[in-house]
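Heads up: the structure comes next, in C-alpha cells.
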Amino acid sequence: MPKICSIILVEDHVVVRNGFKELIQTMGNFKVTAEFDNGKQLIDKIGNLTADLIIMDLTMPVMDGAAAVKWMKEHDIEIPVLILTLDTSDKTIIELYKLGIRGYLSKTCTADTLKWALEEIQRTGYYHNELLSVAMRNDQQAKARDVNADVLDKLTEREKHFLELVGDKEEYTYEQIADIMHVHRRTVDGYRESLFEKFNIKSKTGLVLFAIKHGIVKI
C-alpha cells in the first residue's frame, strides 16, 4: 500500500483552509494532519510535529509565510514547503526559492495542478512550474539591464562614437575613424586604450563584440 503523505496546512482563512483540506484529501495518498492560522502558530508547534510537507499561505497575520520559511531555514527545519498565494510577482517568487521553498502555486491553480505539484515534491523534492521559469528569466533580464546601464555610464560620448565606428559594417581602419571623428590618430588610439583598460578588452574584434553586446552597435 502506498505511503500516506502527511501534510501541515497553514492558512489564516478558515473557509479557504477547509476547502483546501477537503480537496487535498480527495487526491489519494495525502492527508492533512495539522492545521494552523499563521506562521507563528506553526513554528511554536513544529518541534512536536512530523510531516512530509507543509502547504502554507504567503500573506497571513502575526507571521507570514516568508517569515516562517526564513525561520525554518535558520533553525534547520527541513520539511518541504509549498507556498500557495495570490502574489505571483517575480521578486516574491525568486526570494522565496532562495529561502528554500520547494514549490510555488497561485491559489487560482486547478485541482490537477495542485495534485501534480504535491506528487512532484514527493517524487523529486521540488515542483518547478512556469511561474518560476518566467520569474527567473525576468530576473536575469533585469540584472543584464542593470549591468548594461552600469557599463554605458562608464563610457564617454566620444568613446561611444568611437565604438559605433569600430563596429560599423564598413569596417573602418583606425585612420579612417580618426578622419571621421576629426581628431588625430593618437586621440583614437587613446580611446581604444582607455576602453581596453576599462573593460579588459584585448583586440579590435573584442571592441566590436563589446559594442554589439551592449547595444552600441546594432546587427
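The values are calculated or read from the model by the stated rules, or taken from the named source; none is laboratory data. None of the values given here were measured: they were computed from a predicted structure. Note: ideal-geometry Cβ built from the backbone for every residue, glycine included; neighbour counts use all protein chains shown. Protein only, heavy atoms only, side chains kept; ligands, DNA and RNA dropped before computing areas. Shrake-Rupley method; radii C 1.70, N 1.55, O 1.52, S 1.80 Å.
The figures follow:
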item	result
Identity of the residue in region 5-39, acidic (Asp, Glu) and not in a loop (DSSP other than H, G, I, E, B), that ends up surrounded by the most Cβ atoms within 10 Å (Cβ to Cβ)	35
Failed item, numbered, when residue 189 is tested on (1) at pLDDT below 70; (2) surrounded by 12 or more Cβ atoms within 10 Å (Cβ to Cβ)	(1)
Given (1) assigned to a helix (DSSP H, G or I); (2) without any contact (Cβ under 8 Å) to a residue 40 or more places away in the chain, index of the condition residue 68 fails	(2)
Residue list for region 164-186, restricted to those being β-branched (Val, Ile, Thr) and either touching a helix residue (DSSP H, G or I) at 6+ places or on another chain (Cβ under 9 Å) or open to solvent by 90 Å² or more (accessible area, probe 1.4 Å) (or both)	166, 177, 180, 183
In region 40-92, the residues that are charged (D, E, K, R) and either touching a Ser or Thr at 6+ places or on another chain (Cβ under 9 Å) or open to solvent by less than 10 Å² (accessible area, probe 1.4 Å) (or both)	52, 57, 87
